1. For region 244-252, state whether one or more residues are of a type in the set (A, V, I, L, M), in contact with a Gly (Cβ under 8 Å, 6 or more places away or on another chain) and more than 22 Å from Arg187 (Cα to Cα).
2. Note down all Cβ pairs under 8 Å where the first residue falls in region 209-228 and is assigned to a strand (DSSP E or B), the second is open to solvent by less than 80 Å² (accessible area, probe 1.4 Å), and they're at least six residues apart or on different chains.
3. Where the second residue is of a type outside the set (Gly, Ala, Ser) and part of a helix (DSSP H, G or I) and the first is farther than 19 Å from His173 by Cβ and free of Cβ contacts under 8 Å to residues at least 24 places away in the same chain and lies in region 110-136, which pairs have Cβ atoms under 7 Å and are six or more apart or on separate chains?
4. With the requirement that a residue be under 20 Å from Gln80 (Cβ atoms) and either open to solvent by 10 Å² or more (accessible area, probe 1.4 Å) or in contact (Cβ under 8 Å) with a residue 40 or more places away in the chain (or both), what does region 29-41 give you?
5. Can you tell me which residue within region 58-111, out of those that are touching an Asp or Glu at 6+ places or on another chain (Cβ under 6 Å) and part of a loop (DSSP other than H, G, I, E, B), is least open to solvent (accessible area, probe 1.4 Å)?
6. Take the residues in region 221-246 that are among the hydroxyl-bearing types (Ser, Thr, Tyr) and open to solvent by 20 Å² or more (accessible area, probe 1.4 Å), then tell me which one is farthest from Asn259 (Cα to Cα).
7. Quickly run through region 122-161 and pick out the residues that are open to solvent by 30 Å² or more (accessible area, probe 1.4 Å) and either under 15 Å from the mean Cα position of the chain (by Cα) or among the aromatic types (Phe, Trp, Tyr) (or both).
Amino acid sequence: MSILDRFTLTDHVAVVTGAGRGIGAATAVALAEAGADVLISSRTEAQLLEVKERVEATGRRAVVVPANLAHTDEVAALAQAAYDAFGRLDVVVNNVGGTIPNAFLDTDVAYLEESFHFNVATAHALSRAAVPLMLASAGEGRQKSITSISSMMGRTAARGYLAYGVAKAALAHWTRLAATDLAPSVRVNGVYVGSVMTSALEFVAGVPAMKQQMEEATPLGRIGEAEDIAAAVVYLSSRAGQFVTGKLLEVDGGIQQPNLDLGLPDLQPETAPL
């Protein structure tokens, strides 16, 4: 096997959540280009159908399952749907997540719990449902891999990101613990994602000064592309990463601190509720 052959996923079956756009869409297409058939899911069917066309243009198959992925029963059902459609399951990419920044005093317990549910519980629900089906697909030389998309906010700190950062840090440690539980049968890894030009950062593209600030605060001098993350997922899912488990790759342009300051002020006595 050549070194490039290690990056192939010929005849593997993958589930990718949040696959209607951005990182999820790029990842689904990348896995297909590496040889995998994919089940793609998100809330918006029209977006999924566009991604399906891109997958099929590579010569691979795609199954579209629109779902509200904030509901753990719906996200868990994707594993069985992929197995029923393709007869096996090899790769899971947990790409559900995201939480709008909020000031500390505006982050109530319900907001924190919602962030944890959306970023961590959903990943656990899908992975827990997928593992028995992965084990049932064993013995044919295919990689068994789970990759979760975390964030550099799970390892750094900035104002306004408490709920999001705590949830992404929890997802990162879930990755380490799940890798221990599932070794050696299933490898479990994650990606600490930096600033990537997806719909979540569209407002940045429209404000040149803000975009320049983020680029200058990034050692590699640019905002990331969704394909940067997709390439990391292909590595972790394929034989190229077969000696890697329980790890979080930092795909963030080299930043050690957040490169977007929300400008939240210091708290003042009049800020606190009576």
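The values are calculated or read from the model by the stated rules, or taken from the named source; none is laboratory data. What you see is a predicted model; the values in this text were computed from it and never measured. Neighbour counts run over all protein chains shown; Cβ positions are idealised from the backbone, glycine included. Ligands, DNA and RNA are stripped out before the accessible areas are found, and what is left, the full protein with its side chains, is counted by its heavy atoms. Shrake-Rupley method; radii C 1.70, N 1.55, O 1.52, S 1.80 Å.
1. If we filter region 244-252 for residues that are of a type in the set (A, V, I, L, M), which is where we start, we get 244, 248-249, 251.
Checking which are in contact with a Gly (Cβ under 8 Å, 6 or more places away or on another chain) leaves us with 248-249, 251.
Cutting the leftovers down to more than 22 Å from Arg187 (Cα to Cα) gives us none.
Looking for residues that are of a type in the set (A, V, I, L, M), in contact with a Gly (Cβ under 8 Å, 6 or more places away or on another chain) and more than 22 Å from Arg187 (Cα to Cα), one finds none in region 244-252, hence no.
2. From region 209-228, the pairs are Gly224/Val193; Gly224/Gly194; Gly224/Ser195; Gly224/Val196; Gly224/Met197; Gly224/Val251; Gly224/Asp252; Gly224/Gly253.
3. Pairs that qualify, where the first residue is farther than 19 Å from His173 by Cβ and free of Cβ contacts under 8 Å to residues at least 24 places away in the same chain and the partner is of a type outside the set (Gly, Ala, Ser) and part of a helix (DSSP H, G or I): there are none.
4. Taking region 29-41 and keeping what is under 20 Å from Gln80 (Cβ atoms), we get 31, 36-41.
Those that are under 20 Å from Gln80 (Cβ atoms) and either open to solvent by 10 Å² or more (accessible area, probe 1.4 Å) or in contact (Cβ under 8 Å) with a residue 40 or more places away in the chain (or both): Leu31, Ala36, Asp37, Leu39.
5. Top of the filtered list is Ala67.
6. To start, the set of residues in region 221-246 that are among the hydroxyl-bearing types (Ser, Thr, Tyr) comprises 235, 237-238, 245.
Next cut, open to solvent by 20 Å² or more (accessible area, probe 1.4 Å) only: 235, 245.
Working: Tyr235: 26, Thr245: 28 Å.
For region 221-246, the residue satisfying everything is Thr245.
7. So in region 122-161, the residues open to solvent by 30 Å² or more (accessible area, probe 1.4 Å) come out as 124, 128-129, 132, 135-136, 138-142, 155, 157-159, 161.
Across region 122-161, the qualifying residues are His124, Tyr161.
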